């Protein structure tokens, strides 16, 4: 078999039914091979958008694919792939490259930066594995090695294909079947014994569920665990909606001072906090406004278990959850849930809080919510959602609208609803045209407060936070979408209902006062100001 068909067939077998990218002359032979493969190509308007779309797709399907040209294309996408690496999203980047036969050190080929190896070395920093596919003997093994690392580590991988190697005939080879590293039975038994003992002597056990539950496809096991032992479950900021928010055991989203206050009290007062796939990043902890005692923590991650100051390597979530569920030594608990989601009458309070409240009343099983960075991200802490995608750790602006592309194709039974600020929309909002082009029904809600108000709330000078106003309705109409501008919650409710009733791409611009910020961001601001009065 030839190189490119083999590569794309392997990617298709692993679940990549779509690829996102933009052509360029150096990658055109690779695009020809992609067109002949089972994978459908989705052309975006900008390479960062291709990366964000592939990231969202990977979060839902288990593998995302971006195909771009050398230099100007691949380097344009580094930020999006950096976010995928930071947030453990398995995206594969396939880049074209100059012909091997024409490579001379002093040859100045367009899109080349420094050396022919510069791009690969840059991607080495934001991927878990990489390979230049230039040899007919090694290429199959390199493809296997990179894809196995991507699937096991849930982080991006990188392939570079020289233009004169696209149709290279591969030599006969025996590629081993991908396998995951098996956990040591003795290590697992020891970790389980430690976990069981701590759970059994605890008085206030709580589960804090994080994003790795979704990455590893363990949501149903998490639900079974909570129900079997009747344990309260909070979700982290990044892990929002990995546990059903309508469930009787759900106690809110934890985010330090910015999150739900009942969840905060339950998590921080727990004497046995079972952190399943949750990370203690600055955003997860509300900019380190949390107070979780280390001695109370059992942290179970994808590849390791940390209990207080003990570390069990080589065992992880996929090993521990079934073992805990199978245990006959853990009793069911009595638990009275006092979590109450704060409602908001439409005629009262802030407009942004009202928008979140109205969205929370939708039948969330029909929609995939997506947030960009900024106050739409902070505000989503209070959003009642069954499925939500957010850049909760890396927090790159521009994720929202292109992520709707990936979500539309990765979860076709759910209609994307994007929450994006005016600043984030100005970065990648042109992907509205791509949604229209491919007839992917989506709703984009632009929270227009005239600037980078979340930065301002956290201490930035207002003069740095002003952005030039756009007519977002006319932008939407120019790109083929339906645009509506609203100023009140009644207008928003009507526009949202109309958008839900239509099958098209809709943009709703919500005009917000500059000082209208979400309750989570307000709590965070107050906490920071109490610690740093000069802000």
>> From the helices alone, meaning DSSP H stretches of at least four residues, give me the mean residue ellipticity at 222 nm for the chain, per-run term -39500 (n - 2.57), in deg cm²/dmol to the nearest 500.
In response: -10500 deg cm²/dmol
>> Sequence gap at least 6, Cα distance under 8 Å: using those rules, report the relative contact order of the chain to the nearest whole percent.
In response: 12
> What ranking do 199-205, 416-422 get when scored by the average of other Cβ atoms within 10 Å per residue, highest first?
Replying inline: 416-422, 199-205
> Rounded to the nearest 5, what is the percent of antiparallel bridges among the DSSP beta bridges in the chain?
Replying inline: 15
> Between residue 313 and residue 125, what FRET efficiency follows from the Cβ-Cβ distance if R0 is 22 Å, with the result rounded to 0.05?
Replying inline: 0.35
> For the pair residue 441 and residue 467, how long in nm is the line joining their label points, each one 7 Å along Cα→Cβ?
Replying inline: 2.9
> What is the gain in length, in nm to one decimal, between residue 527 and residue 294 on full extension, counting 0.36 nm per residue of separation less the C-alpha to C-alpha distance?
Replying inline: 81.7 nm
>> Checking the a/c ratio against 1.5 first, then a/b against b/c, what shape does the Cα gyration tensor give for the stretch 42-182?
In response: oblate
> Between (i) 1.12; (ii) 0.93; (iii) 1.00, which matches Cα Rg over 2.2 N^0.38 Å calculated for the structure shown?
Replying inline: (iii)
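No value in this document is a laboratory result; all are computed from the given coordinates. Here the structure is a predicted model, which is why all the values come from computation and not from measurement. Note: ideal-geometry Cβ built from the backbone for every residue, glycine included; neighbour counts use all protein chains shown.
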